[in-house]
Amino acid sequence: MDDFATSRNQMVERQIAARGIRSPRLLAAMREVPREAFVSAALAGQAYEDSPLPIEADQTISQPYIVALMIEAAGVAPGDKVLEIGAGSGYAAAVMGRIAEEVIAIERHAELAALAETRMRRLGYDNVRILHGDGSAGLPEQAPFHAILAAASGSHVPEALKAQLAIGGTLVMPIGEPGAVQSLVKLTRTAEDSYDSEDLGPVRFVPLIGEQGWTERGERRSPPAARMRAAAEPLPRIDDPAFAKAFDRFGDARVVLLGEASHGTSEFYRARAAITRRLIEGHGFTIVAVEADWPDAANVDRFVRHRPRRDGEEAAFRRFPTWMWRNAEVEAFVSWLRSHNERREPEAMAGFYGLDLYNLPGSMRAVIDYLEDVDPEAAALARERYACLMPWSRDPALYGRLAVTEGYARCRAPVVAMLRELQAKRLSYIAENGEEWLDAAANARLVQNAEAYYRAMYEGAAESWNLRDTHMFETLCQLLDAKGENAKAVVWAHNSHIGNAAFTEMGQVRDELNIGQLVKERFGERARLIGFGTHAGTVAAATDWDGPMEVKQVRPSLEGSYERLSHETGLPRFLLDLRDSEAGAPLLEPRLERFIGVIYRPETERWSHYAQAILPRQFDAWVWFDETEAVRPLPGAEAPGEDDMWPFGL
Ligand code: SAH
């Protein structure tokens, strides 16, 4: 037996077992791991002394007894997945690796992380991984952990770490001021929302420096609202040119997605209009694609691009929820777009498009109308094929239910055939009428996807949601393709569609994806996702689907939500550029976020309208209006035939 092995056995007997550590596995692991390999050569002779020792980067390797005490308290056992924060030399991680299934240890000093990693490889400890970075918020992508050990003292136990414990799992962490005597805290997660806490006595550790710990200077971090206030850029009123100018930084993107936290808030529409004008006028954007039905938006598009109105076409946006697009804010933007396009070459004009798939009868009619023009025989065939869906055109969900009960999608084949034929005859149709071909093809694709969408509604919420968002994403991509490789698009859709779903409850719990996520996967940094939020005010919404629009009071935002933090900044309007880590880092801990759609039910708000999200991962920027008001709907009465009142038919 070499000298080190002898001292190691003595250390285990005299410092560890004699002080009451009983776990045979832990004692065996400590007899095995060569502590002398975890300190510099100069200190190897002191490796088994009963004290901490200095290591590189002015840090320390903990006293052997403290390492044992923490591992025993955390109950590290075979089969466990363990997280250590503050790998330092890697010694504690190595000991735990002899017991557990897998150990991941994070170290903020690159030099220490590299050294520790080399030691693991040299010793063949393949189930221990050392990562470099700030571990104070844990490692959510690897959670849950059976045990979490922090080897540096924090100001508090971060919520993020608690959330990464498996039920029944234990966290051991020193809590207290840098340089002072701290308490070693043991926290066990006994159920989803309950934890038992125990104080294991006084200890002295180096400080946990990081997002959820102390600042670099060892100071307590300001509360998140204060940090948000410091990073937020106050915005002037929306009609001040400086408002839209603040968004010039996103002008080099290919796709800018502008969200909204409700479907009935005036400020969200006006802000998006102002930003979009700026992107069109100053940054070469020519596509405005919105969460509206394709055929309705096509009507508006003909108006703004000075193309002839289609015979017998209905006014746009006549179906519930009409106020979502038939409102004074959208009308003002549409008139601006029309005048912007005046006297411009067709390629330089900016168009208005709908990404959504709800107006099935409108789309079927548009395909038939187009074919009447270019290929009457095909029009007759289209009429026949679409006749299959016609009986359900007022309530296509009934078709979906029938298809599921019959176990047979009777209208699938005809709508698929229709799209295929339209595409097969593309060249000859384009020769007849190219501009309208794009519209007809989009409608035929919409009919095909809508048929599948209504069937999917009976398979589950996630299936139909995913089909719809994939359809919207594909429609956006086809628009970009059709307009050439330099084409740039602005998208207007709800935060739930444009904020990356992978970082919200939608993706994490419900398996839902969305346009924002798909766009990020395709365009990366060339896509910018901009979320909007508000604290209180009024909103236009219905109580039930197909119900009348009401102007409702928006409840003040909930304690602890991203909205409440934004409200606590005291700023009436601001832009928070989340790409900047000063702005993003304090918000990385998941919080509630409010989602108001066309329905708003304040009575059950917490359950019907709030969901967990990680704001700085969901969006590239966050735009705040502390107090907001309802959109102004256009009157419902229609006066057909008055062309100057097109496209809203007022
Ligand atoms: N268990 C280690 C003890 C290391 S001392 C051992 O056996 O050697 C604590 C370590 O925590 C230091 O190396 C320090 O750099 C590191 N640390 C402090 N704050 C950290 C943070 N936020 N993330 C990761 N490591 C951190």
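Overview of results
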item	result
Qualifying residue in the stretch 481-501 (condition: out of contact with any Asp or Glu (no Cβ under 7 Å at 6 or more places or on another chain), assigned to a helix (DSSP H, G or I), within 21 Å of residue 259 (Cβ to Cβ) and not assigned by TED's automatic domain parsing to the domain that holds residue 367)	yes
Helices (runs of 4 or more DSSP H) wholly inside the stretch 49-141 that include at least 2 residues being more than 10 Å from the ligand (Cβ to nearest atom) and more than 33 Å from the chain's Cα centre (by Cα)	64-73, 110-123
Qualifying residue in the stretch 497-517 (condition: surrounded by fewer than 20 Cβ atoms within 10 Å (Cβ to Cβ), among the β-branched types (Val, Ile, Thr) and within 19 Å of the chain's Cα centre (by Cα))	yes
Enumeration of residues in the stretch 564-590 that are touching a strand residue (DSSP E or B) at 6+ places or on another chain (Cβ under 7 Å) and within 27 Å of residue 266 (Cα to Cα)	566, 567, 571, 572, 573, 574, 575, 576, 577, 578, 583
Out of 37, 29, 44, 17, sole residue that is away from the ligand (no atom under 16 Å from the Cβ), assigned to a helix (DSSP H, G or I) and either farther than 17 Å from residue 63 by Cβ or of a type in the set (Gly, Ala, Ser) (or both)	17
Residues that are over 16 Å from residue 172 (Cβ atoms), of a type in the set (Ser, Thr, Tyr) and either in a helix (DSSP H, G or I) or away from the ligand (no atom under 16 Å from the Cβ) (or both), drawn from the stretch 196-244	222
Set 615, 576, 592: member being of a type in the set (A, V, I, L, M, F, W, C) and surrounded by fewer than 22 Cβ atoms within 10 Å (Cβ to Cβ)	592
Tabulated pairs, the stretch 148-160, first in contact (Cβ under 8 Å) with a residue 40 or more places away in the chain and within 16 Å of residue 188 (Cβ to Cβ), second within 8 Å of the ligand (Cβ to nearest atom) and among the acidic types (Asp, Glu), C-beta under 7 angstrom, 6+ apart or interchain	149/84
Candidate set: the stretch 30-51, residues that are surrounded by fewer than 18 Cβ atoms within 10 Å (Cβ to Cβ) and in contact with a strand residue (DSSP E or B) (Cβ under 9 Å, 6 or more places away or on another chain); chosen: the one nearest to residue 11 (Cα to Cα)	46
Single unsatisfied condition, residue 443 versus (1) surrounded by fewer than 19 Cβ atoms within 10 Å (Cβ to Cβ); (2) in contact (Cβ under 8 Å) with a residue 60 or more places away in the chain; (3) among the polar types (S, T, N, Q)	(1)
Candidate set: the stretch 328-377, residues that are among the polar types (S, T, N, Q) and either without any contact (Cβ under 8 Å) to a residue 40 or more places away in the chain or surrounded by fewer than 23 Cβ atoms within 10 Å (Cβ to Cβ) (or both); chosen: the one farthest from residue 636 (Cα to Cα)	341
Odd one out for residue 520, checked against (1) assigned by TED's automatic domain parsing to the domain that holds residue 287; (2) outside any strand (DSSP E or B); (3) touching a Lys or Arg at 6+ places or on another chain (Cβ under 9 Å)	(3)
Residue satisfying condition, being of a type in the set (Val, Ile, Thr) and outside the structural domain of residue 625 (by TED's automatic domain parsing), within set 539, 509, 447	447
Checking residue 379 against (1) in the same structural domain as residue 455 (by TED's automatic domain parsing); (2) at pLDDT 95 or above; (3) not in a helix (DSSP H, G or I), the condition it does not meet	(3)
Residue check, residue 508 modelled with pLDDT under 95 and in a helix (DSSP H, G or I)	yes
Flag for residue 151 being of a type in the set (Gly, Ala, Ser), under 11 Å from residue 85 (Cα atoms) and in contact with a Phe, Trp or Tyr (Cβ under 9 Å, 6 or more places away or on another chain)	yes
Failed item, numbered, when residue 156 is tested on (1) surrounded by fewer than 17 Cβ atoms within 10 Å (Cβ to Cβ); (2) assigned to a helix (DSSP H, G or I); (3) within 14 Å of the ligand (Cβ to nearest atom)	(2)
Scope the stretch 170-186; condition surrounded by fewer than 24 Cβ atoms within 10 Å (Cβ to Cβ) and within 30 Å of the chain's Cα centre (by Cα); matching residues	170
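Residues checked against (1) assigned to a loop (DSSP other than H, G, I, E, B); (2) under 28 Å from the mean Cα position of the chain (by Cα):
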residue: 282; (1), (2): no, no
residue: 291; (1), (2): no, yes
residue: 323; (1), (2): no, yes
residue: 331; (1), (2): no, no
residue: 339; (1), (2): no, no
residue: 343; (1), (2): yes, no
residue: 352; (1), (2): no, yes
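Condition check ((1) among the small types (Gly, Ala, Ser); (2) free of Cβ contacts under 8 Å to residues at least 12 places away in the same chain; (3) in contact with a strand residue (DSSP E or B) (Cβ under 9 Å, 6 or more places away or on another chain)) across all residues:
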{"site": "64", "(1), (2), (3)": "no, no, no"}
{"site": "71", "(1), (2), (3)": "no, no, yes"}
{"site": "87", "(1), (2), (3)": "yes, no, yes"}
{"site": "106", "(1), (2), (3)": "no, no, yes"}
{"site": "113", "(1), (2), (3)": "yes, no, yes"}
{"site": "121", "(1), (2), (3)": "no, yes, no"}
{"site": "130", "(1), (2), (3)": "no, no, yes"}
{"site": "145", "(1), (2), (3)": "no, no, yes"}
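The values are calculated or read from the model by the stated rules, or taken from the named source; none is laboratory data. Every value quoted in this text rests on a predicted model; they were computed, and no experiment measured them. In this analysis, Cβ positions are derived from the backbone assuming ideal geometry, glycine residues included, and neighbour counts consider all displayed protein chains.
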